[in-house]
Amino acid sequence: MAEMPDADDARAAALARHAVALATVRDFGHRAQAERVVALVDSGDGVHATMIEWLPGAPLELTEHETTWTVPDEAAAAAAPIALAPVRPAPATAIRADAITGEIAAPIGVVEHLADAVLDLARAFGGRSVVSADFATADADLPLTLAARPGEPVLVGIGEGEFELPGGAG
């Protein structure tokens, strides 16, 4: 069954409204070599957020209110991304995490750099936007998740555990 013209119009309007955010999440995911990036972009009304999800090798997904659209790669590439600080990805073998103790072993500054990059992305969207990104570790079943919102501590997720990154609010 073909989509109604109103649905096509709504999709086109949503893609246009969020073109820069889509391009920015896509660009960040590639540059950071993340396993997953999810951005909840503050709509400015204090109530709603638009969700953008990126996975490597898959089309972006854009969720606005109750509707989710798949965003073809060429549509996500149509706008220029917001300029962000450089991201230096770390190889998975450089990061080891213990889900029980919350301990992370990585070269000096790696986790802090990735946390700063995720926070930079959240700041780029403004308001109360939140960004989370998953990064590979030496244990393929145990990604390192970093979640950031401007003005709040960066959260680190390892397995089922969640911890605040030492160093204060972002």
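All of the numbers you see were taken from the coordinates with simple rules; none came from a lab. Because the structure is predicted, anything quoted here is derived from the model rather than measured. No Cβ is skipped: glycine too gets one built from the backbone with ideal geometry, and neighbour counts run over all protein chains shown.
Of all residues in the stretch 104-133, those that are free of Cβ contacts under 8 Å to residues at least 24 places away in the same chain and over 13 Å from residue 152 (Cα atoms) have Cβ atoms under 8 Å from Cβ atoms of residues that are of a type in the set (A, V, I, L, M, F, W, C) and assigned to a helix (DSSP H, G or I), 6 or more apart or on another chain, in 106/94; 107/94; 110/94.
A quick yes/no check of all residues on (1) surrounded by 19 or more Cβ atoms within 10 Å (Cβ to Cβ); (2) touching a residue at least 12 places away in the same chain (Cβ under 8 Å); (3) within 30 Å of residue 92 (Cβ to Cβ); (4) within 10 Å of the chain's Cα centre (by Cα):
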residue	(1), (2), (3), (4)
6	no, no, no, no
16	no, no, no, no
23	yes, yes, yes, no
26	yes, yes, yes, yes
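Taking the condition part of a loop (DSSP other than H, G, I, E, B), in contact with an Asp or Glu (Cβ under 8 Å, 6 or more places away or on another chain), under 27 Å from residue 24 (Cα atoms) and touching a residue at least 12 places away in the same chain (Cβ under 8 Å), does residue 88 pass? Criteria not met by residue 88. Can you work out which of the residues in the stretch 98-112 that are under 20 Å from the mean Cα position of the chain (by Cα) and surrounded by 17 or more Cβ atoms within 10 Å (Cβ to Cβ) is nearest to residue 149 (Cα to Cα)? Per the criteria, the residue is 111.
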